[in-house]
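A.B. asks: Next up is a structure, given as structure tokens.
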Amino acid sequence: MIELFELRKSFEDKKVLKGISTTFESGKTNLIIGQSGSGKTVLMKCIVGLFEPTSGKVLYDGRDFVRMTKKERMALRREMGMIFQNAALFDSLSVLENVMFPLDMFSEESYAFRRKRAQFCLDRVNLTDAAHKYPGEISGGMQKRVAIARAIALQPKYLFCDEPNSGLDPKTSLVIDDLIHSITLDFKTTTIINTHDMNSVMGIGDNILYLYEGRREWEGSKDEVMGAENERLNSFIFASDLFRKVKENAI
Amino acid sequence: MLLTSYLHAFGEYLVLMARTFSRPERFRMFWKQYVKEMAQLGVDSIGIVLLISFFIGAVICIQIKLNIESAWMPKWVSGYVTREIMLLEFSSSIMCLILAGKVGSNIASEIGTMRVTQQIDALEIMGINSASYLILPKLIGMLTMIPLLVVFSTTSGIIGAYATAYIGHILTPAHLTEGIQYDFNQWYFWMGVVKSVFFAFIISSVSAYYGYRVKGGSVEVGKASTDAVVTSSMLILFSDLFLTQLLS
């Protein structure tokens, strides 16, 4: 479980996060949504420690990340997995080596065990055949799946996904969503997804946090989105004709 | 204002170096990277070092023979001057300036690309000290390989000089050998090696700094690469002046 208390972040005079408090529960896919510039990416980066919050608390199962020593942070980071918007795979390593990388760095197990574990993770994302290819030789969707395999290699307690569906076709996006959702359920991870994709919101949004100008504007589940009366949320989620019709039919 | 920005950059550089010189998380990964970097930055540069040094050695020998030698000069002067130039300046300083262009831009663009494609963020999220993991093997690899390249360069330059004697018949091999052996001071060889160690540190650390601080996209990576080469070259020239004074 990850809890945020009055999280604020400013860049010089510009206040980007204006006191966000919420709870992301384990075993659930928690979605952060909002317009461009609403502070989603900054919030995600504050949670994982790529940005230092100006004030507030980030609690990982009660452990305050903001006040941790460097060593404690390093240790906690080994419980995190992250899938970046562009996958961020290491170009010079093969797919298998990419997945083995966190194991090579932190696991005390033998090479055979590490390789077997990496193969298992690749099987989990249906990429067994691409093990010896390089990131430049595979498609964007496959790169995302490799990133997921790498993120789960050390069985993380916390999984972060930054725009996992960006640049992917709708069918591949669904595959990625299903994969993240099933991993969340299987490993009971606390999963936080930063997304623009409304299909993800409707499909896997166990908990949805809507940000507006750096503030928590609305929070609820995918089932509650349909009946939500927040105007800003509705104009954001049901911006397209298709989703407006879906809502009208649902009502 | 300019001074403040230089001081700020120098401060950032020192902080990065402090992070770089920390104990590697996993020595087996460090060795793997170290060997890879020695091959990529050092072994892959051997060809160009040998080629340039060979021709420069040959050209120095011809120039000295044709323009300096006279009836008042001993016959061995071409060999002597070729050896001294190769040992004292070309193989250490000028070769490192050339390597600053080749290796420095390689380091800055590689690390810069990793920064803009979030590969460095991925390392940080995993709890890895990205500066130490990426920069330390490059730095130690360069410190290992550059002195070797200096030795190869000097040898290749001397072979180039012999080529002018045996193939070009510009001077006799006996006169060249006499010049190369005349009044040899072993310290000059070590001076080149010591200077090259400093230059190796400058090339790798400055280029890594420019790559690591990149923000933006491909344009910024290109700019960082150029800045790395320019700054490394300037620092090599300045430090050459001080080191030559200090070591002579």
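Computed from the coordinates by the stated procedures, all read-outs in this text should not be read as laboratory data. Nothing here was measured: the structure is a model prediction, and the numbers come from that model. Counting neighbours? That spans all protein chains shown, and the Cβs are built from the backbone with ideal geometry, glycine included.
A.B. asks: What percent do you get for the relative contact order of chain A when only Cα pairs under 8 Å and 6+ apart count?
C.D. replies: Computed over chain A, the figure is 27 percent.
A.B. asks: Under 17 Å from the Cα of B:Lys223, which aspartates and glutamates turn up, not counting those fewer than eight places away in the same chain?
C.D. replies: B:Lys223 reaches B:Glu110.
A.B. asks: Further question on the same structure: What are the membrane-span-like helices in chain B by this rule: whole DSSP H runs, Cα extent along the axis at least 24 Å, mean Kyte-Doolittle hydropathy at least 1.6?
C.D. replies: Within chain B the helices that satisfy the rule are B:46-67.
A.B. asks: If you don't mind, another one. Sort A:122-129, A:91-98, B:195-202 by packing, meaning the average of other beta carbons within 10 Å per residue, with the highest value first.
C.D. replies: Order by mean packing, descending: B:195-202, A:91-98, A:122-129.
A.B. asks: Near A:Lys70, which aspartates and glutamates are there with a Cα under 19 Å away, not counting those fewer than 8 places off in the same chain?
C.D. replies: Cross-link targets: A:Glu52, A:Asp61, A:Glu79, B:Glu12, B:Glu25, B:Asp121, B:Glu124.
A.B. asks: Given labels modelled 7 Å from the Cα in the Cβ direction, how far is it in nm from B:Glu178 to A:Thr23?
C.D. replies: 9.5
A.B. asks: Taking only DSSP H segments of four or more residues, each worth -39500 (n - 2.57), what value at 222 nm results for chain A once the sum is divided by all its residues, to the nearest 500 deg cm²/dmol?
C.D. replies: Rounded to the nearest 500, the figure is -12500 deg cm²/dmol.
A.B. asks: To the nearest 0.05, what FRET efficiency results for B:Gln245 and A:Phe5 with a Förster distance of 51 Å applied to their C-beta separation?
C.D. replies: Plugging the Cβ-Cβ distance into 1/(1 + (r/R0)^6) gives 0.25.
A.B. asks: Where is the GNM fluctuation largest for chain B (alpha-carbon springs, 10 angstrom cutoff): B:Asp227, B:Asp121, B:Asp183?
C.D. replies: Checking each option, the largest mean-square fluctuation is seen for B:Asp183.
A.B. asks: Take the alpha-carbon positions of segment B:62-157, form their convex hull, and give its projected area averaged over all directions (one quarter of the hull surface) in nm².
C.D. replies: If you wrap the Cα atoms of segment B:62-157 in a convex hull and average its projections, you get 7.6 nm².
A.B. asks: Can you tell me what the convex hull of the Cα atoms of chain A projects to on average, as an area in nm²?
C.D. replies: 14.1
A.B. asks: Which length gain, in nm to one decimal place, applies between A:Glu219 and A:Ser139 when the Cα-Cα distance is subtracted from 0.36 nm times their residue separation?
C.D. replies: 25.4 nm
A.B. asks: Here's another thing I want to ask about it. Rounded to the nearest 0.05, what FRET efficiency do A:Phe187 and B:Ser70 have when you use their Cβ-Cβ distance and R0 = 60 Å?
C.D. replies: Here the calculated transfer efficiency is 0.10.
A.B. asks: Let me ask something else about it. Please work out the Cα center distance from segment B:61-132 to segment A:66-83, rounded to the nearest Å.
C.D. replies: 40
A.B. asks: Does anyone have the angle between helix A:95-106 and the longest principal axis of chain A? Alpha-carbon axes, 0 to 90°, nearest 10?
C.D. replies: The angle comes out near 90 degrees.
A.B. asks: What angle, in degrees between 0 and 90 and rounded to the nearest 10, separates the Cα long axis of helix A:111-124 from the longest principal axis of the Cα atoms of chain A?
C.D. replies: Result, in degrees: 40.
A.B. asks: Further question: Shielding by partners for A:57-65, please: the mean number of other protein chain Cβ atoms within 10 Å of each residue's Cβ.
C.D. replies: Average neighbour count from other chains, rounded to a whole number: 0.
A.B. asks: How crowded by other chains is B:126-132, given as the mean number of beta carbons from other chains within 10 Å of each beta carbon?
C.D. replies: Per-residue shielding by partner chains comes out at 5.
A.B. asks: Let me ask something additional. Evaluate the distance, in nm, between pseudo-label points positioned 7 Å from the Cα of A:Gln155 and of A:Gln35 along their respective Cα→Cβ axes.
C.D. replies: Computed distance between label sites A:Gln155 and A:Gln35 equals 4.5 nm.
A.B. asks: What is the list of residues in segment B:15-35 whose amide nitrogen lies under 13 Å from a point 7 angstrom out from the Cα of B:Leu148, following Cα to Cβ?
C.D. replies: Those under the cut-off are B:34-35.
A.B. asks: Could you work out how far apart the two model spin labels at A:Thr69 and B:Leu3 are, taking each label as a point 7 Å from the Cα in the direction of the beta carbon, and quote it in nm?
C.D. replies: About 3.9 nm, to one decimal.
A.B. asks: Next question. Given R₀ = 51 Å, what would the calculated FRET efficiency be for B:Val15 paired with A:Leu59, taking r from the Cβ atoms and rounding to 0.05?
C.D. replies: The computed FRET efficiency comes out at 0.95.
A.B. asks: Suppose only helical runs count, i.e. DSSP H with n ≥ 4. What mean residue ellipticity at 222 nm does that imply for chain B under -39500 (n - 2.57) per run, divided by all residues and rounded to the nearest 500 deg cm²/dmol?
C.D. replies: One gets -25500 deg cm²/dmol as the mean residue ellipticity at 222 nm.
A.B. asks: When the C-alpha atoms of segment B:97-242 are aligned to their principal axes, what extent does each axis show, in angstrom, from largest down?
C.D. replies: Here the spans come out as 64, 28, 26 Å, largest first.
A.B. asks: Under 10 Å, Cα contacts only: if you run a Gaussian network model on chain B, which one of B:Ser70, B:Ser53, B:Ser130 comes out with the highest mean-square fluctuation?
C.D. replies: With Cα springs under 10 Å in chain B, the top fluctuation among B:Ser70, B:Ser53, B:Ser130 is at B:Ser70.
A.B. asks: Return the equivalent ellipsoid semi-axes of segment A:89-155 as a descending list in whole Å, where each equals the square root of 5 times an eigenvalue of the C-alpha gyration tensor.
C.D. replies: That gives 18, 11, 10 Å for the three semi-axes.
A.B. asks: Can I ask one more? In 20 Å bins starting at 0, how do the alpha-carbon pair distances of the protein assembly as shown split up by percent?
C.D. replies: 20, 42, 24, 11, 2, 0
A.B. asks: Considering all projection directions equally, how large on average is the shadow of the alpha-carbon convex hull of chain B, in square nanometres?
C.D. replies: Mean orientational projected area (chain B, Cα hull): 15.8 nm².
A.B. asks: Right, another one. Checking the table A:Lys144/A:Lys188; A:Lys18/A:Lys245; A:Lys45/A:Lys222 against a 28 Å threshold on Cα-Cα, which pairs fail?
C.D. replies: Result: A:Lys18/A:Lys245 exceed 28 Å.
A.B. asks: In addition: Taking Cα atoms, how many degrees apart are the long axis of helix A:170-187 and the longest axis of chain A, rounded to 10 and kept between 0 and 90?
C.D. replies: That works out to roughly 80 degrees.
A.B. asks: Cut-off under 13 Å on the C-alpha distance; same-chain residues fewer than 8 positions from A:Lys171 excluded. Which aspartates and glutamates are left, in chain and number order?
C.D. replies: A:Asp197
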